[in-house]
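Student: Mind looking over this structure? Questions follow.
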Amino acid sequence: QVRLVESGGGLVQAGGSLTLSCACSGRPFSTYAMGWFRQAPGKEREFVAAINRSGSITNYADSVKGRFTISRDNAKDTVYLQMNSLKLEDTAVYYCVADPILMPRSTNRGTWGQGTQVTVSL
């Protein structure tokens, strides 16, 4: 069973940047497509970004396209989410997900981390 641990969340001013990390252990990292989702208070968990096993293909939600970048380092068993030009509406708990078959796009499959809080303030 793969285990995921997110880190890097925190408080940042609007317009600022933050980089999230998700460390993977337990199973070969390179055999998993990876993704990031987020959940704001009172809202459903939503897709943010995904990356395939090699890192050659990425997908983004329209709301973050051009501002966020997902990447992975298979030598370090880690996936990253670089977040730039942060907005108030980016405030949420961010979750990492691993899927051995599909690039993550929905919340009903995969192995999930515990989440890391990102708060964007004025």
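The values are calculated or read from the model by the stated rules, or taken from the named source; none is laboratory data. This one's a predicted model, so the numbers in the text were calculated from it and none came from an experiment. Cβ: placed from backbone, ideal geometry, glycine included. Neighbour counts: every protein chain shown. With ligands, DNA and RNA removed, areas are computed over all heavy atoms of the protein, side chains included. Shrake-Rupley method; radii C 1.70, N 1.55, O 1.52, S 1.80 Å.
Student: Somewhere in the range 18-29, is a residue assigned to a loop (DSSP other than H, G, I, E, B), at pLDDT 95 or above and at positive phi?
Tutor: Scanning the range 18-29, I find no residue that is assigned to a loop (DSSP other than H, G, I, E, B), at pLDDT 95 or above and at positive phi, so the answer is no.
Student: I'd like to know if the range 3-16 contains one or more residues that are without any contact (Cβ under 8 Å) to a residue 60 or more places away in the chain, of a type in the set (A, V, I, L, M) and open to solvent by less than 30 Å² (accessible area, probe 1.4 Å).
Tutor: No, there is no match, as no residue in the range 3-16 is without any contact (Cβ under 8 Å) to a residue 60 or more places away in the chain, of a type in the set (A, V, I, L, M) and open to solvent by less than 30 Å² (accessible area, probe 1.4 Å).
Student: Among (1) of a type in the set (Asp, Glu); (2) open to solvent by 30 Å² or more (accessible area, probe 1.4 Å); (3) under 14 Å from VAL118 (Cα atoms), where does GLU44 come up short?
Tutor: Tallying (1) of a type in the set (Asp, Glu); (2) open to solvent by 30 Å² or more (accessible area, probe 1.4 Å); (3) under 14 Å from VAL118 (Cα atoms), GLU44 fails exactly one: (3).
Student: While we're here: Among the residues of the range 10-17, is there at least one that is farther than 20 Å from GLN114 by Cα and among the β-branched types (Val, Ile, Thr)?
Tutor: For the range 10-17, residues farther than 20 Å from GLN114 by Cα and among the β-branched types (Val, Ile, Thr): present.
Student: Out of all the residues in the range 96-119, is one or more in contact with a helix residue (DSSP H, G or I) (Cβ under 7 Å, 6 or more places away or on another chain), under 14 Å from VAL2 (Cα atoms) and not small (Gly, Ala, Ser)?
Tutor: yes
Student: Let me ask another. Would you check if ILE70 is surrounded by fewer than 19 Cβ atoms within 10 Å (Cβ to Cβ), hydrophobic (A, V, I, L, M, F, W, C) and farther than 23 Å from LEU122 by Cα?
Tutor: no
Student: Sticking with this one: Which of the residues belonging to the range 86-109 are touching a strand residue (DSSP E or B) at 6+ places or on another chain (Cβ under 9 Å), open to solvent by 40 Å² or more (accessible area, probe 1.4 Å) and under 24 Å from GLY42 (Cα atoms)?
Tutor: Within the range 86-109, LYS87, LEU88, GLU89, ARG105, SER106, THR107, ARG109 qualify.
Student: Could you tell me how many of the residues in the range 55-83 are closer than 18 Å to PRO28 by Cβ, in a strand (DSSP E or B) and among the polar types (S, T, N, Q)?
Tutor: Result for the range 55-83: 1.
Student: Please verify whether ALA33 is under 14 Å from the mean Cα position of the chain (by Cα) and either modelled with pLDDT of 95 or more or surrounded by fewer than 18 Cβ atoms within 10 Å (Cβ to Cβ) (or both), treating the condition exactly as stated.
Tutor: Against the criterion (under 14 Å from the mean Cα position of the chain (by Cα) and either modelled with pLDDT of 95 or more or surrounded by fewer than 18 Cβ atoms within 10 Å (Cβ to Cβ) (or both)), ALA33 qualifies.
Student: I need a count of the residues in the range 36-51 that are under 13 Å from the mean Cα position of the chain (by Cα) and either part of a loop (DSSP other than H, G, I, E, B) or without any contact (Cβ under 8 Å) to a residue 40 or more places away in the chain (or both).
Tutor: The qualifying residues number 3.
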